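Structure record follows, encoded as structure tokens.
The values are calculated or read from the model by the stated rules, or taken from the named source; none is laboratory data. All figures in this text were calculated on a predicted structure; none of them were measured in a lab. Using ideal geometry, Cβ is built from the backbone for each residue, glycine included, and neighbour counts are taken over all protein chains shown. Ligands, DNA and RNA are stripped out before the accessible areas are found, and what is left, the full protein with its side chains, is counted by its heavy atoms. Shrake-Rupley method; radii C 1.70, N 1.55, O 1.52, S 1.80 Å.
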Amino acid sequence: MLNQIRHSADHDAILSVENLSIDIESKRGVLHVVRGVSFHVNAGDRIGVVGESGCGKSTLALAIMRLLAPGAAPVGGSIQFLGTDLLALSETEMRRLRGNEIGMVFQDPAASLNPMMTAGRQVGETIEAHKGVSRKISASAAVDMMRSVKIPEPAVRAGQYPHQFSGGMRQRIVIAMGTANTPKLIIADEPTTALDVTVQAQVIELLEKMNTDTGSSIVFISHNIALVSEFCSRVVVMYAGRIVEEGSTSDIFSRPYHPYTSALIKSVPPLDERLADGLVPIEGRPPNLASKQVGCAFAARCSSKIEKCTQSSPPLVAMGPRKVACWVTGAHS
Amino acid sequence: MSSFILRRLLAVIPTFFVVSLTVFLLIHLVPGDPIDSLMRAGSSPALREQMAAKYGLDRSLFEQYIIWMGKVLTLDFGTSIIQGRPVAALIAQNLPSSLTLGGTAFLFSSLAGIAAGVLAAKYYGTRIDSSITSGILLGSTIPSFWLALLLILVFAVWLGWVPVSGARGWSSLVLPVIATGLGGVALVARVTKVSMIEIGRQDFVTLLRAKGVSESRIRLQHILRHALVPVISILGLRIGWILGGAITVEVVFARPGLGSLLIRALNQRDYPLVQGCLLMLSMAVILGTIIGDIAQAAMDPRQREASK
Ligand SMILES: Nc1ncnc2c1ncn2[C@@H]1O[C@H](COP(=O)(O)OP(=O)(O)OP(=O)(O)O)[C@@H](O)[C@H]1O
Ligand code: SF4
Ligand SMILES: [Mg+2]
């Protein structure tokens, strides 16, 4: 009975991550890279995940794809995709979802492509892997896909190798590869970081179009909160493996609650004007992920901290439509 | 691409002269006189001089080289002092047998080596990998003549499955091919394994997984194709090594071929024949390297472009 209520309440959730923790075994010992992260993605959502380098964004994305590197593994929590627990699926079942129901776009288009295979074949491969179509059909579908990501002369370009494309064009190919089967969920991990500003805008436009045309939900990962604010309806702010604030983009931008979110907004240049003037870099460094965190992970860098901050870790609690994890600015105050 | 091939071939010319000079000098620096093995005991010094003049052995080294080179360029390697037949004819007669052995051993090295490497990489860190790896270690440390003797002892003498020696039929080829090619199998397997593992760690492989491409397809269509690039250049270098192995193996198995011809010629100080054989073998090594280079460039679209 309770299950049914829960189920109906979540019925538009495409992705539900619950209390997910991920450890990585490294030379410096076990790193607790993701620490009890929960968030939901509904149909058609564009949700941004932001945070400084090393806060665990890519690890989270790869965990959803079940593509974590050897040594990295979920140690708690669950990942539900359309009601199925991804962590419980067999490798074969998981493979059927990847590239088909869940597509991923990676950061570095130069490293993401096989240099020895034509662009068209690489796009067609995603279709072949899932649709059981002949090579001829997948080849023409690949050309269509390349046209839809606005690659000029797609029929000619399909026969060319990655090194014959510019960075922006390569990223379009990577997007075409990740989305060729119109997945319900697209995870884009810093899809524009390697590109220059004008090309960035084009790639964002493309993802926007995909979201409106096919209704695919998008999880957009970036360390650039300004970029996220342009593109996403909701934002999840991560710090040292935890979510510290979550809410609608407009709320968070107009009134950030968490001191880290405020600092992040001040530290990132606005998209168009590259004015370095108003920028305030965040002082200090994120904590060591190998240690068990006592108190708020941001305490060492926070100007609003109180005594309690170093004693116990603030939970993420709802404040109206948003969630904040802070003893001072959160719902506890 | 064709200009790349042309350039590589032109680069052979200086190499060829260096090699030919080395071959020529080497032969003249080893002690021993071919006339000795030709003359009967007690022949007169006059007859001796006459013979030396006939074969040009009375001229200066430099003159001998120029004369020899001039002829070599028209594919005239001179006449065998001992056997009295043209060197070119002797080589032509023995070449097919060596090519069969070398070619089969090369094929065996490539196919078995690549297969073993792919398996070891797939089962990296498991018992299958460690048994292949120790097999590789063993294979690469045993010299081919010793392996040849061992194989003869086990399969020809004890088990009687194949003939001990000779060159009749395919069964007589089995042991020589294994003896010649096993070292190559080991090398190719090792290079294949290492490069497959290394390429398997690259980012584009993660993206292939994210596309839902099956593991076997990722391994064979993507990773192996990359891994073959270094393997092919190694194989090109290996052609010479296999020819070297074939020489000793031919002798051990008493097979006709360039190797047997060369060893006999060496024992008899048959200068022209030794020179002809060595020159042939060196050219084969150089050609092998070039073929490896060209094949490698042809495989990689970036190099194909760059070498247009
Ligand atoms: N294979 C690994 N071995 C050891 N440590 C790792 C490994 N992968 C990630 N880490 C560590 O885990 C933490 C989180 O890494 P992750 O790549 O998820 O961060 P990120 O938020 O995506 O950063 P970026 O913005 O730089 O991409 C980092 O501190 C990183 O050093
Ligand atoms: S809990 Fe305390 S230390 Fe942490 S962000 Fe809030 S005020 Fe700063
Ligand atoms: Mg990252």
Being assigned to a helix (DSSP H, G or I), free of Cβ contacts under 8 Å to residues at least 60 places away in the same chain and not aromatic (Phe, Trp, Tyr), is that true of even one residue in region B:77-84? no
If you scan region B:280-307, which residues turn out to be hydrophobic (A, V, I, L, M, F, W, C), within 13 Å of chain A (Cβ to nearest Cβ) and open to solvent by 40 Å² or more (accessible area, probe 1.4 Å)? B:Ala298, B:Met299, B:Ala306
Just to be sure before I move on: is A:Ile187 open to solvent by less than 20 Å² (accessible area, probe 1.4 Å), within 16 Å of ligand 1 (Cβ to nearest atom) and within 14 Å of another protein chain (Cβ to nearest Cβ) in the structure I sent? yes
Within region A:50-75, considering residues that are out of contact with any Asp or Glu (no Cβ under 9 Å at 6 or more places or on another chain) and of a type in the set (Val, Ile, Thr), the one farthest from the other protein chains (Cβ to nearest Cβ): A:Val50
Can you confirm whether region A:34-42 contains a residue that is more than 16 Å from ligand 1 (Cβ to nearest atom), outside any helix (DSSP H, G or I), touching a Cys at 6+ places or on another chain (Cβ under 9 Å) and under 30 Å from A:Pro281 (Cβ atoms)? no
Condition met for A:Ile218 (of a type in the set (A, V, I, L, M, F, W, C), at pLDDT 90 or above and away from ligand 3 (no atom under 16 Å from the Cβ)): yes
Here the residues within region B:233-257 that are within 11 Å of the chain's Cα centre (by Cα) and open to solvent by 10 Å² or more (accessible area, probe 1.4 Å) are B:Leu235, B:Leu237, B:Arg238, B:Ile239, B:Gly240, B:Trp241, B:Leu243, B:Gly244, B:Ile247
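Yes/no per residue for (1) on the phi > 0 side of the Ramachandran plot; (2) surrounded by 16 or more Cβ atoms within 10 Å (Cβ to Cβ); (3) assigned to a loop (DSSP other than H, G, I, E, B); (4) away from ligand 3 (no atom under 16 Å from the Cβ):
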| position | (1), (2), (3), (4) |
| --- | --- |
| A:Gly44 | yes, yes, yes, yes |
| A:Ser53 | no, no, yes, no |
| A:Thr59 | no, yes, no, no |
| A:Ile64 | no, yes, no, no |
| A:Val75 | no, no, no, yes |
| A:Gln107 | no, yes, yes, no |
| A:Arg121 | no, yes, no, yes |
| A:Ile127 | no, yes, no, yes |
Qualifying residues in region B:186-223 (those that are basic (Lys, Arg), within 11 Å of another protein chain (Cβ to nearest Cβ) and buried (at least 19 other Cβ atoms within 10 Å of the Cβ)) - the one farthest from A:Pro70 (Cα to Cα): B:Lys211
Note down all Cβ pairs under 6 Å where the first residue falls in region A:20-33 and is touching a residue at least 12 places away in the same chain (Cβ under 8 Å) and open to solvent by 40 Å² or more (accessible area, probe 1.4 Å), the second is part of a strand (DSSP E or B) and within 16 Å of ligand 3 (Cβ to nearest atom), and they're at least six residues apart or on different chains. A:Ile24/A:Leu31; A:Ile24/A:Val33; A:Ile24/A:Ala72
Does A:Leu68 fit the bill of being more than 16 Å from ligand 2 (Cβ to nearest atom) and part of a loop (DSSP other than H, G, I, E, B)? yes
Would you be able to say whether some residue in region A:81-102 is open to solvent by less than 50 Å² (accessible area, probe 1.4 Å), more than 9 Å from ligand 1 (Cβ to nearest atom), touching a His at 6+ places or on another chain (Cβ under 8 Å) and within 14 Å of chain B (Cβ to nearest Cβ)? yes
Taking region A:135-178 and the residues there that are in a loop (DSSP other than H, G, I, E, B) and either of a type in the set (Gly, Ala, Ser) or closer than 24 Å to A:Asp189 by Cα (or both), the one that is farthest from the other protein chains (Cβ to nearest Cβ) would be A:Lys150
Can you find a residue in region B:28-41 that is assigned to a loop (DSSP other than H, G, I, E, B), under 20 Å from B:Ser282 (Cα atoms) and at pLDDT 70 or above? no
Does region B:141-163 contain at least one residue that is farther than 27 Å from B:Pro256 by Cβ and free of Cβ contacts under 8 Å to residues at least 40 places away in the same chain? yes
So, B:Leu278, is that one under 21 Å from B:Ala92 (Cβ atoms) and at pLDDT 85 or above or not? yes
Matching residues in region A:108-128 - criterion: being at the interface with chain B (Cβ under 7 Å from one of its Cβ atoms) and in contact (Cβ under 8 Å) with a residue 24 or more places away in the chain: A:Asp108, A:Ser112, A:Leu113, A:Asn114, A:Pro115, A:Met116, A:Glu125, A:Thr126
For B:Arg264, state whether it is closer than 27 Å to B:Ile81 by Cβ, open to solvent by 20 Å² or more (accessible area, probe 1.4 Å) and without any contact (Cβ under 8 Å) to a residue 60 or more places away in the chain. yes
Return yes or no: is B:Leu228 of a type outside the set (Gly, Ala, Ser), open to solvent by less than 70 Å² (accessible area, probe 1.4 Å) and within 25 Å of the chain's Cα centre (by Cα)? yes
Restrict the check to region A:295-318 and report whether at least one residue is within 16 Å of ligand 2 (Cβ to nearest atom), of a type in the set (Ser, Thr, Tyr) and within 20 Å of A:His40 (Cα to Cα). no
Could you list, in sequence order, the residues of region B:174-197 that are touching a residue at least 24 places away in the same chain (Cβ under 8 Å) and over 16 Å from B:Ile232 (Cβ atoms)? B:Leu175, B:Pro176, B:Val177, B:Ile178, B:Ala179, B:Thr180, B:Gly181, B:Leu182, B:Gly183, B:Ala186, B:Ile197
